[in-house]
Amino acid sequence: MIKIFFTQFLFLLSAQFLFGQNAFHTDTLFVTGKVKSEWSFPISAIKEYKSDLLGDVNTSCSAKQREDSKGVKGVLVKTLLDTVEFDYENRKMLNEFYFKFEAVDGYTVVYSFNEIYNTETGNHLYIVTEMNGKEMGEIENRILLLTMNDIKTGNRNIKGLKRIVVCKAE
């Protein structure tokens, strides 16, 4: 009896793993932390922002491999963040702010406020809205974050981005 139950349990578990929802995609991006009110950006809202044509780019999340994608378009992250009101007392405090970009699998990448708003990185940090002829909602690894100007590409790209946490250094 226990053997049958255990076999059925393993079958259901493996079926969920093989045929269940992809663990590496999300449909809404949340912005939380040191903000006056938390924000959520569903895919439909992200697509409303102006997308830039990035062209044919490597969308891999590893510096050791390539995933060449064609016709990539994206929205600048700072364009999304510009709609969020940060919680600070004076402008100088923003020098202490940083952003944790978190994926559904736990992978995390950190950018400082100044890195996004005061360096070229901020002009090359995108949420992908289209690639390989597919719109954002059809992309397998959505929501995809790309850092286009890194010397060693891939390490700061994130598949399945679920949250941006606004933090203040202590």
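The values are calculated or read from the model by the stated rules, or taken from the named source; none is laboratory data. Bear in mind the structure is a predicted one, so any value in this text is a computation, not a measurement. SASA here: full protein model, heavy atoms, side chains in, ligands and nucleic acids out. Shrake-Rupley method; radii C 1.70, N 1.55, O 1.52, S 1.80 Å.
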inquiry  = Can you tell me which lysines have their Cα less than 22 Å from the Cα of Lys168? Leave out same-chain residues fewer than eight positions away.
reply    = Lys34, Lys36, Lys78, Lys92, Lys100
key: Rounded to whole Hz, the Karplus (6.51, -1.76, 1.60) HN-Hα couplings of the stretch 44-51, x for glycine and proline   = 4, 6, 4, 5, 6, 6, 5, 9
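With the full set of protein chains in place, find how many percent of the accessible area of the chain is carbon and sulfur; take the probe as 1.4 Å.
The value for the chain is 54 percent carbon and sulfur by accessible area.
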note = Rounded to whole Å², per residue accessible area for the stretch 15-170 with a 1.4 Å probe reads 54 Å²
request  = First check a/c for the chain, with a ≥ b ≥ c the square roots of the eigenvalues of its C-alpha gyration tensor; if it is under 1.5, answer rounded, and if not, answer prolate when a/b is larger than b/c or oblate otherwise.
outcome  = prolate
query = If the chain between Phe30 and Ile151 were fully stretched, how many nm would it gain, using 0.36 nm times the residue separation less the Cα-Cα distance?
reply = 40.7 nm
message = Please enumerate, by chain and number, the lysines with C-alpha under 20 Å from the C-alpha of Lys64, excluding those fewer than 8 residues away in the same chain.
response = Lys152, Lys159
query = Can you list residues whose amide H is under 5 Å from Asp87's amide H, if they're 5+ apart or on another chain and H is modeled 1.01 Å from N?
reply = Val35, Lys36
remark   = In degrees rounded to 10, the 0-90 angle between helix 2-19 Cα long axis and the longest Cα principal axis of the chain is 40 degrees
